[in-house]
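Student: Got a structure for you, questions after.
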Amino acid sequence: MNYDEIFQREVARVKAEGRYRIFVDVERQSGAFPRARVAGPNGVRDAVVWCSNDYLAMGQHPDVIAAMETALSRFGAGAGGTRNISGTNPAHSELEGELADLHGKDAGLLFTSGYTANAATLGVLVKALPGVAVFSDASNHASMIEGMRRGQAEKRIWRHNDLAHLNSLLAVCPKDRPKIIAFESVYSMDGDIAPIGPICDLAEKYGALTYVDEVHAVGLYGRRGGGVAERDGAADRIDIVEGTLAKAFGVMGGYIAASAALVDAVRCAAPEFIFTTSLSPVLAAGALASVRHLKKSRVEREALHSRVAVLKALMNERGLPMMPSQSHIVPVKISAAARCKQVADYLLEEYGIYVQPINYPTVARGEERLRFTPGPYHDDEMMSALMTALDAAWARFGIERAA
């Protein structure tokens, strides 16, 4: 059997659909981000990055870099083991404490990524609660779905952000049956936000645990950057918060914050935690500095939301097909995988603007888009250059504008 031939056929099928993914080398310029050196189809060139998840540019903040340099000189590069076997560093413990405090919870637990945190925690919860029913928003992230699948949960999917549908599903579930309502606060591809307060109302009415993924909200919303739940005054009503250190905090890693008993149960049972080398102390130290800074500073958050408002206004003025977004995420619909990539390549090669095309399976077929994430340092000159480039791209490729 020619195994490689099978693999090549599969790749050819993806290419034929126009959704073959090419990894783009991006040399971020510390101190100058969002400027970077980006490898395009015709070689490396200077560009402005418009699709980074380092939403607040904390990956280049002097406090974060200094903390990482200090940790590197003190501890070396790696953790040296799993958390159970020689791999727990003071930076890990301090960071877990800061994250628990950020969300007003008893305890926190670090993972190597947000994906791992979701999959591990939901997998443990489902197995630990006999007969549990999980009520999952239809737009939940793949990592949440993976956790439910691993735990072999009975999953009941409610239409995205549809409270009436959620209520109807909960109403027919026996009162004495364990229940988890799992949802995200900010949905990363559409940019919409969950109605957290009303979801908590339903959870309290039907005796369900609340599990919220705040990956695209921590650091960005709330008085101290605790996320949408903090912003909406609902943090104390959420049972389990899952977040990341790789987006607004600018480093790497994932975490949960919850009651001490729940966190301990996950720590004791999650294979993804037990059998994985722990996060480098260098990364933990950088994340710790970032979390501490954003608890005190609102400057970065306010600048980001100001820039987002400007970009949305400019796109609306030009009739660009910007999808409705309540958040800092600004998706512009193209609706064809091949065309989406053509536009992205054109923007990079002709105008030095890097934005990654988003296609299936990240979004449904026919929902392909460019996803813009303006940050605090996307200035007026960059905004103007982006509008010029988008106008040219829309004309070149004959893309319709919004009515």
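Student: In this structure, is I353 of a type outside the set (G, A, S) and at pLDDT below 95?
Tutor: no
Student: Being assigned to a strand (DSSP E or B) and open to solvent by 10 Å² or more (accessible area, probe 1.4 Å) is the filter here; which residues of the stretch 139-161 pass it?
Tutor: Matches in the stretch 139-161: E154, K155, R156, I157.
Student: Still on this structure: Taking the options L370, L386, L347, name whichever one is touching a Cys at 6+ places or on another chain (Cβ under 8 Å) and either in a loop (DSSP other than H, G, I, E, B) or open to solvent by less than 10 Å² (accessible area, probe 1.4 Å) (or both).
Tutor: Exactly one residue qualifies, and that residue is L370.
Student: Keeping to the stretch 277-288, report how many residues are over 20 Å from the mean Cα position of the chain (by Cα) and either over 16 Å from T82 (Cβ atoms) or open to solvent by 10 Å² or more (accessible area, probe 1.4 Å) (or both).
Tutor: Residues flagged as over 20 Å from the mean Cα position of the chain (by Cα) and either over 16 Å from T82 (Cβ atoms) or open to solvent by 10 Å² or more (accessible area, probe 1.4 Å) (or both) within the stretch 277-288 amount to 5.
Student: I'd like the full set of residues that are closer than 18 Å to C51 by Cα and in contact with a strand residue (DSSP E or B) (Cβ under 9 Å, 6 or more places away or on another chain), limited to the stretch 289-317.
Tutor: V308, L311, K312, M315
Student: Further question: Restricting to the stretch 203-217, and then to whatever is among the charged types (D, E, K, R) and surrounded by fewer than 21 Cβ atoms within 10 Å (Cβ to Cβ), can you tell me which residue is farthest from I329 (Cα to Cα)?
Tutor: Among residues in the stretch 203-217 that are among the charged types (D, E, K, R) and surrounded by fewer than 21 Cβ atoms within 10 Å (Cβ to Cβ), the one farthest from I329 (Cα to Cα) is K205.
Student: In the stretch 162-202, how many residues are among the hydroxyl-bearing types (S, T, Y) and open to solvent by 50 Å² or more (accessible area, probe 1.4 Å)?
Tutor: 1
Student: Still on this structure, I have one more. Is it the case, given these coordinates, that A57 is under 15 Å from L348 (Cα atoms) and open to solvent by less than 50 Å² (accessible area, probe 1.4 Å)?
Tutor: no
Student: Hey, among the residues in the stretch 118-138 that are out of contact with any His (no Cβ under 7 Å at 6 or more places or on another chain) and over 20 Å from Y206 (Cβ atoms), which one's surrounded by the most Cβ atoms within 10 Å (Cβ to Cβ)?
Tutor: So the residue we want is T121.
Residues are listed down the side, and each one gets a yes or a no for (1) open to solvent by 50 Å² or more (accessible area, probe 1.4 Å); (2) within 18 Å of S290 (Cβ to Cβ); (3) modelled with pLDDT of 95 or more; (4) not in a loop (DSSP other than H, G, I, E, B):
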{"position": "D63", "(1), (2), (3), (4)": "yes, yes, yes, yes"}
{"position": "T70", "(1), (2), (3), (4)": "yes, yes, yes, yes"}
{"position": "T88", "(1), (2), (3), (4)": "yes, no, yes, no"}
{"position": "H92", "(1), (2), (3), (4)": "no, yes, yes, yes"}
{"position": "K105", "(1), (2), (3), (4)": "no, no, yes, no"}
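Student: Give the residue, chosen from T121, T112, T82, T88, that is more than 24 Å from the chain's Cα centre (by Cα), closer than 26 Å to R149 by Cβ and among the β-branched types (V, I, T).
Tutor: One residue alone meets the criteria, T82.
The values are calculated or read from the model by the stated rules, or taken from the named source; none is laboratory data. None of these values were measured; they are calculated from a predicted model. Cβ coordinates were reconstructed from backbone atoms using ideal geometry, including for glycine residues, and neighbour counts include every protein chain displayed. Note: accessible area is taken over every heavy atom of the protein model, side chains too, but ligands, DNA and RNA are not part of it. Shrake-Rupley method; radii C 1.70, N 1.55, O 1.52, S 1.80 Å.
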